[in-house]
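The values are calculated or read from the model by the stated rules, or taken from the named source; none is laboratory data. Just so it is clear, the structure is predicted and the values come from calculations on it, not from any experiment. A quick note on method: Cβ atoms are made from the backbone with ideal geometry, for glycine too, and the neighbour counts reach across all protein chains shown. Surface areas here come from the heavy atoms of the whole protein model, side chains and all, with no ligands, DNA or RNA. Shrake-Rupley method; radii C 1.70, N 1.55, O 1.52, S 1.80 Å.
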Amino acid sequence: MTSDSFDIDRLGNKDLVFVPLGGAGEIGMNLNLYGHAGKWLMIDCGITFGDDSTPGVEVIMPDPAFIVERRGALAGLVLTHAHEDHLGAVHWLWPQLKCPIYATPFTAVVLRHKLAEAGLERAAKITEVPMSGKFDVGPFHLELITLTHSIPEPNAVAIRTGAGTVLHTGDWKLDPDPMVGPSTDEEALMRVGAEGVLAMVCDSTNVLVPGTSGSEASVRENLIELVGRMDKRVAVAAFASNVARLETICRAAEAHGRRVALVGRSMKRIVEAAQETGYLSDVAPFVADSDIGYLPRNEVLLICTGSQGEPRSALSRIADDDHPEVRLEAGDTVIFSSREIPGNERSIGRLQNKLASLGVDIVTARDEDVHVSGHPARDELIQMYQWIRPKIAVPVHGEARHLIAHAELARECQVPEPVGARNGYAVRLAPGRATVVDEVPHGRLAVDGTRLIPMESAALRDRRRIAYNGSAVVTVVVDGDGRVKGMPQVAIAGVFDRDVEPEIAHEVEDAVTVAVEDLPKPRRADDGQVREAARLAVRRSIRALCGKRPQIDVHLVRV
């Protein structure tokens, strides 16, 4: 893949390279790099979340090793908006990057709270940029362009360089009535398009969805009508970051004489950040968790975290009857005003089953129009291409099927050079025809307890194996000649119940004895060969008896 004439560490004034380290070939975990004139610009630095395949790991982020090695050339980090998949890795990775950060006011407030928790509020400096602001980061001349999305202050970034202009869209949609914040700055987009755009790096999430994504205004109308039908307690699960949706829910409560309580830490934090920057300034004061129980059930509305079934979220704790302040009973209603993020279907299903078992009525976007996406459907993408008219299209923020479909849509929109990008690809945008010229080191890091470790580390690999196949620890005592003294002891976890099936344990222990005793005397004198014989005996016998392949450790004791 590497071009013989290309050197990623010798980028001149006519060179412009795009390198995604996260978010290309997946939805979430965005980290984008632009290289020009010997410097690098980073746009966004986000996370994704673990699932059933990553036991013990809840947060995953791109491995920044490539740019960390070039930290001296990293001019700065620009954040397009405050969603976790765009800024959630900053407080984890900034100690390795140590670069200036640029963000609009709401995004800056959200990030400052995260940096403070990590003890980085003084070290990591944030430059606040006003909406529609223009500023320079090294050789990159940047302009923020206001878009609409499911969070305040989403921005596209027009990146002007000596090699050409790139429009990096971030996450967006075209909502004529977003309810919170201004609508899309169509005039600015058309102006940038008229000036000439070399490349557009664009959101692909909903490229497979026909038509348009819908407006928050319609959700507000529908939620107001829906809440009016309820005569007991109502809880609404929504993404905490969707400030417009929070205001919509407050308006629905107000229309029917209900008081609103925020249930969940992240919900309260986002509301604090919103009110600090001038949003949600005219909603009624919220009710404290501890006061909910004193209100009549038909006079309260709860806004809860947990729309994705997160096990420690407020709604999950309520469903488990484990919340210290809040209870739901038969006849109450939970409205899921959100979409199911791919991969979360099981956890959401488990949560909804628990609620149903309590006699709670459940309403989702399949039942009523209580959610609209924050990403552009096909007609909106077509409109953006008509405004921008780029020479090159680089689809990002999507899985492989989304990126392929987006590239085809770009061709239909008469874009001369759609180019495929995946994490680690170095895409040369200029000079010459757009092409992948190199592949740089890339990967994933996991937050494991209090530290970051590679996703391919032996520790996580062993944990996954243990999660699916269990573990076995065998202790073998031998004498100086390698003869087994006493019966080997095998401790099994996650394979079978020794109290119920003791015969399995006995057969495994017998197999270990036979395997070690059958070794020739010179091999019995070698600790490594004895351990390996015992390990193979455990593996073969458990596989034959139980059909499992557990993680096996052997403790050898010589007496």
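Here's the list of lysines a cross-link from LYS232 could span, going by alpha-carbon distance under 25 Å and ignoring same-chain residues fewer than 8 apart: LYS268, LYS354. Other residues whose C-beta falls under 9 angstrom from the C-beta of LEU556 contribute a net charge of +1, scoring Lys and Arg +1 and Asp and Glu -1.
Of the GluC sites (Glu not before Pro) found in the range 407-491, those in coil by DSSP whose Cβ has at most 16 other Cβ atoms within 10 Å are GLU456. Residues with beta-carbon under 11 Å from that of GLU380, excluding GLU380: net charge, scoring Lys, Arg +1 and Asp, Glu -1? The answer is -1. Annotation for the range 1-50 versus the range 199-266: alpha-carbon center distance of 35 Å. Per residue of the chain, the DSSP helices (runs of n ≥ 4 H) give a summed -39500 (n - 2.57) that works out to -9000 deg cm²/dmol at 222 nm.
In the chain, the longest principal axis of the Cα atoms and the axis of helix 502-517 are about 70 degrees apart. For the range 435-538, the spread of Cα positions along the three principal axes, ordered from largest to smallest, is 64, 39, 28 Å.
Taking a ≥ b ≥ c as the square roots of the eigenvalues of the Cα gyration tensor, an a/c ratio of 1.5 or more together with a/b no larger than b/c marks the range 1-134 as oblate.
What's the local net charge at ALA525, with K and R +1, D and E -1, over the other residues with C-beta under 12 Å away? Its environment carries a net charge of +1. Using a simple spin-label model with pseudo-atoms 7 Å out from Cα toward Cβ, ASP51 and GLU187 lie 4.4 nm apart.
If the segment from ASP369 to GLN386 were pulled out straight at 0.36 nm per residue, it would be longer than the present Cα-Cα gap by 3.2 nm. Only the Cβ atoms of Lys and Arg (+1) and of Asp and Glu (-1) were treated as charged; on that basis the dipole of the chain about its Cα centre amounts to roughly 1320 debye.
For the chain, the per residue solvent-accessible surface stands at 42 Å², with DNA, RNA and ligands left out and a 1.4 Å probe. You can think of it this way: the chain between ASN353 and ALA405 has 15.2 nm of extra reach, that is 0.36 nm per residue less the Cα-Cα gap. Here's the picture: charge each Lys and Arg Cβ at +1 and each Asp and Glu Cβ at -1 in the range 163-316, and of PRO285, PRO311, THR212 the one pushed furthest to the positive end of that dipole is PRO311. Residue separation of ALA491 and THR127 scaled by 0.36 nm, minus their Cα-Cα distance, works out to 125.4 nm of gained length. Estimated from the Cβ-Cβ distance and a Förster radius of 51 angstrom, the FRET efficiency linking SER281 and ARG346 is about 0.85. All alpha carbon pair distances within the range 423-474 were sorted into 10 Å bins beginning at 0; the resulting P(r) in whole percents reads 20, 28, 21, 18, 10, 3, 0.
Each label point was placed 7 Å from the Cα along the Cα-to-Cβ direction; for ASN298 and ASP510 their separation is 7.2 nm. Using the Cβ-Cβ distance between ASP321 and ASP527 with R0 set to 60 Å, the FRET efficiency from 1/(1 + (r/R0)^6) comes to roughly 0.65. So what is the diffusion coefficient of the chain in µm² per second by Stokes-Einstein at 10 °C and 1.306 mPa s, using a Kirkwood Rh over Cα pairs? Answer from the Stokes-Einstein relation: 60 µm²/s.
Pairs of Cα atoms nearer than 8 Å and 6+ residues apart set the relative contact order; for the chain it is 15 percent. Modelled this way, with points 7 Å down the Cα-to-C-beta line, the labels at HIS113 and TYR468 are 3.8 nm from one another.
For the range 290-345 versus the range 138-182, the inter-centroid distance based on Cα atoms is 34 Å.
Of the trypsin sites (Lys or Arg not before Pro) found in the range 418-483, those that fall in a DSSP loop while having at most 14 other beta-carbon atoms within 10 Å are ARG433, ARG483. Bridging of LYS485 to lysines at a Cα separation below 27 Å is possible for LYS521, once same-chain residues fewer than 8 apart are set aside. When both the range 508-541 and the range 375-452 are represented by their alpha-carbon centers, they are found 54 Å apart. With the largest listed first and rounded to whole Å, the semi-axes of the equivalent ellipsoid of the range 345-385 from the Cα gyration tensor are 33, 11, 5.
Using the crude model of +1 on Lys and Arg Cβ and -1 on Asp and Glu Cβ, and no other charge, please compute the dipole size for the range 118-188 relative to its Cα centre, in debye to 20. Dipole magnitude for the range 118-188 comes out near 360 debye. Largest first, the three principal axis extents of the alpha carbons in the range 130-285 are 62, 36, 23 Å in whole numbers. Here the accessible area of the chain is 48 percent carbon and sulfur, with a 1.4 angstrom probe and all protein chains present. Projecting the Cα atoms of VAL234, LEU262, VAL300 onto the charge dipole of the range 230-302 (Cβ charges, centred on the Cα centre) puts VAL234 farthest toward the positive pole. The three principal axes of the C-alpha atoms in the range 311-409 carry coordinate ranges of 57, 23, 21 Å, sorted with the longest axis first. DSSP beta bridges confined to the range 89-214 are antiparallel in about 75 percent of cases.
For the range 72-119, the Kirkwood hydrodynamic radius from C-alpha pairs, put into Stokes-Einstein at 4 °C and a viscosity of 1.567 mPa s, yields a diffusion coefficient of 118 µm² per second. Expressed as a fraction of 2.2 N^0.38 Å, the C-alpha radius of gyration for the range 190-255 is 1.66. Under a cut-off of 23 Å between alpha-carbon atoms, report the lysines in cross-link reach of LYS98, not counting same-chain residues fewer than 8 places apart. Within the straight-line cut-off, LYS98 pairs with LYS39, LYS114, LYS125, LYS134. Cα axis of helix 216-227 to longest principal axis of the chain: angle in degrees, 0 to 90, nearest 10? Once rounded, the angle reads 70 degrees.
Seen against the Cα atoms of the chain and their longest principal axis, helix 243-255 is set at about 70 degrees.
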